[in-house]
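Report on one structure; see the data block that follows.
Each value in this text was obtained by applying a stated rule to the coordinates, not by laboratory testing. Here the structure is a predicted model, which means the values were calculated and not measured. In this analysis, Cβ positions are derived from the backbone assuming ideal geometry, glycine residues included, and neighbour counts consider all displayed protein chains.
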Amino acid sequence: MKATIAGVLALAALVVVAVAGAAPPVVASPGASPFASCNNADYANEQQQQGSTLYPNSEIEPRSARHGTTIVGAYQQDRWSDGGARGLVTSVSHDNGATWTRVVIPGVSACSGGPYLRASDPWVSFAPNGDLYAISLSFAGTANPNHNAILVSKSTNLGNSWGPPVAVAEDDTNGLDKQSITADPTNSSYVYAAWDRILTPGGSTRASDQGIIHSRSFKSQTFFTRSTDGGASWETPQQLFVDTSFSGSIGSIIGVLGDGKTLLDGLLTYGAADWKGGPCGSMSILRSTDRGETWTRKPIIVAPYSCTYVGAHNPDTGALVRSGGLPDLAVDGSTAYMVWEDALPSAPRTGRILFSQSTDGGITWSEPIVISHTPAGVDAFVPTVAVNSNHVVGVSYYDFRNNTPGGIAATDVWLVRCSAACASAGSWASETRVTPSSFDMSAAPVARGQFVGDYMGMTTNGATFEPFFIQSGPPVANGPTDAFFASVP
C-alpha cells in the first residue's frame, strides 16, 4: 500500500479547485410508498416471528441508467431491518431528470404480485435499442421460506411498464446475493447477469445472515449467465469462481470493453490463498474475451482489502454505518476504472475512496491511490464511478466533513473528477459538493448499520455527471429516506 500512502501525501498538497454550477438535487421518489396498502399476512407473521423491523416509505440502494432523454433509477422500497424490502420500484424521467414518476417492478415480491416476500439489490441497464432490463434478488418464498431466485424483468417502453420476471437462477439455499445486470452497449442482443451463491451446511435464515461466514465450510460462488436474443432466453448459469471452501466473492459487475467481445467482472474475491484474494479479500477482475462464453478462472488482483476496516461510523454516536467491501467499475474503450472504500495503514479504521485503472483491457492495474478529499479522521464511503462523453472520470461518494459534534451526523455527497493521468493523485483536484445542505445519516434505516445502500447510481449526459443517490432525514419529504437526482456539469 506504499503507493496509496504516497497518493495521500500528494493529494494533501493540492490546492483543491471547487467547480461551481451543480444544480440542486431534486427528489426522484415523489409521493408515498406504492406498497402502503400492502397487508400481506405473511409479512405480519414474519415480523412477529423474526423480530424484523419494517421502515415504511424508505427508499434504499439505487442504481440508474440513461437512454436519450430518459433516466431510470431502481431502488428497494420499504426496507426490512434483516434483509430485503417489500419490493423494487423505479423512478422514471423522460425529460432529463426534471420530473419523475414511480413505477413498481411487478412480480418480484408479494407486494408486487409475486411468490416471494422480499426483494433486494436492484440494478437496471439500457440496451442501445432502448430495451431496459432490471434484476432482483427475491427471497423468502411464501410456500418455502428458504426458496430464493435471481429474477430479470424487461421493459420495451423506456420503463413505463414491465413484463413478467424471468428466473435466471433459483434454489432452496437462501444464499443468492449481490446480482447485477449489464446490457451490452455495442449489441442489443446481448445481456449479461452475474451474482453470488453462498453455501454453508444447514443453510441460514436470511441471505444476508452474517453468521454463515463462521461456518466450517463456508464458500461463496460467482455465477454468470447471458442472453444472446435480447432477453427472450437465458443460458444455463456457469460458475466463474470458487470450487473449494473458505473462499468466495461478492459484488460482481460486468463491464463491456469497446471491442464488444471482452468482458470484465469486477468483484471482491477472498480465500486462504493469496491468488484467490487473501483472507481479508482483494478487489479483483475476472476476464472473458468471447462475450462470456469462457472466463479466466484465476482472478486478476487489483488491490488487497485491509483486515482492519469494517465500514464508516456515525461521527456523533459511533454507530456503524453499513458501507465498504464492494467495488464499482466503469469502462471507456479499452480502459477500465475501479473504485472502492477502504482504510489506510496509517488510519486503519477510517474510510477512504481508492482508485485504480487499467489501460490494457483489464490485464494490469495501476497502484491504488486515494482520490477522496475528506479530512483526516473523517470517513468517506460508498463510491460510484462513471465516464462522460469527454472521457472525464467522475467519482461520487459520501462523507462527514461538515458534521459538527453533537449535531445531526451531517452527511454530504461529493463528486471528484479526472481528465488525464488519472493514476496520479494530483489529477483529482476538481471537486464539487453535490448536496447543497447536509442531511442526517442518523435518520437512515438500520440494517446491520445505518443504511442508505451498499451502492448508488450515476449516469452521464454529455459532459454532465448525474448522481442518483439516497438521503435520510431533512430534506426528505416522505419517510426516513428519499432518492435524489443531481446534475453536475
### Query
Where the centroid of each part is defined by its Cα atoms, how far is the range 312-363 from the range 83-102 in Å?
26 Å
### Message
Within the chain, count lysine pairs with alpha carbon atoms under 21 angstrom apart where the residues are 8 or more positions apart or belong to different chains.
### Response
8
### Task
Express the relative contact order of the range 56-172 as a whole percentage, based on alpha carbon pairs under 8 Å and six or more residues apart in sequence.
19 percent
### Task
Quick one: dipole size for the chain, taken about the Cα centre, charges +1 on Lys/Arg Cβ and -1 on Asp/Glu Cβ, in debye to the nearest 20.
400 debye
### Task
Could you tell me, in Å, what Rg and Dmax come out for the Cα atoms of the range 56-172?
13.7, 43
### Task
State the three equivalent ellipsoid semi-axes of the chain, derived from the C-alpha gyration tensor as the square roots of 5 times its eigenvalues, in descending order and whole Å.
29, 26, 24
## Note on the structure
Computed ³J(HN,Hα) along the range 301-314: with the Karplus parameters 6.51/-1.76/1.60, θ = phi - 60°, integer Hz and x for glycine or proline, the list is 7, 7, 6, x, 9, 5, 8, 10, 8, 10, x, 6, 9, 4
### Task
Pull up all non-local amide H partners of ARG352: gap of 5 or more, or a different chain, and H-to-H distance under 5 Å with H placed in the peptide plane.
ASP342, ALA343, ALA380
### Summary
Which residues qualify? For GLN450, with a placed amide H closer than 5 Å and at least 5 residues away or on another chain, they are LEU320, VAL321, ARG322
### Query
Which cross-chain or sequence-distant (5 or more) residues have an amide H under 5 Å from the amide H of TRP123, H modelled 1.01 Å from N in plane?
ILE135
### Query
Along the range 423-433, what does the Karplus equation 6.51 cos²θ - 1.76 cosθ + 1.60 (θ = phi - 60°) give for ³J(HN,Hα), rounded to whole Hz, x for Gly and Pro?
6, 9, 4, x, 8, 10, 6, 7, 9, 10, 7
### Task
Within the chain, what's the longest run with no GluC sites (Glu not before Pro) in a DSSP loop and at most 14 other beta-carbon atoms within 10 Å? Give the range, please.
1-234
### Task
Just need the relative contact order of the chain here, percent rounded to a whole number, with Cα pairs under 8 Å and 6+ apart.
14 percent
### Message
Projecting each Cα onto the charge dipole of the chain (Lys/Arg +1, Asp/Glu -1 at the beta carbon, about the Cα centre), which of SER389, GLY31, SER125 comes out farthest on the positive side?
### Response
SER389
### Query
What list of ³J(HN,Hα) values in whole Hz, one per residue of the range 108-123 in order, does the Karplus curve 6.51 cos²θ - 1.76 cosθ + 1.60 (θ = phi - 60°) give from phi, with Gly and Pro shown as x?
9, 7, 4, 5, 10, x, x, x, 10, 6, 10, 9, 7, 6, x, 8
#### Entry: Beta bridges per DSSP with both ends in the chain, % antiparallel, nearest 5
95 percent
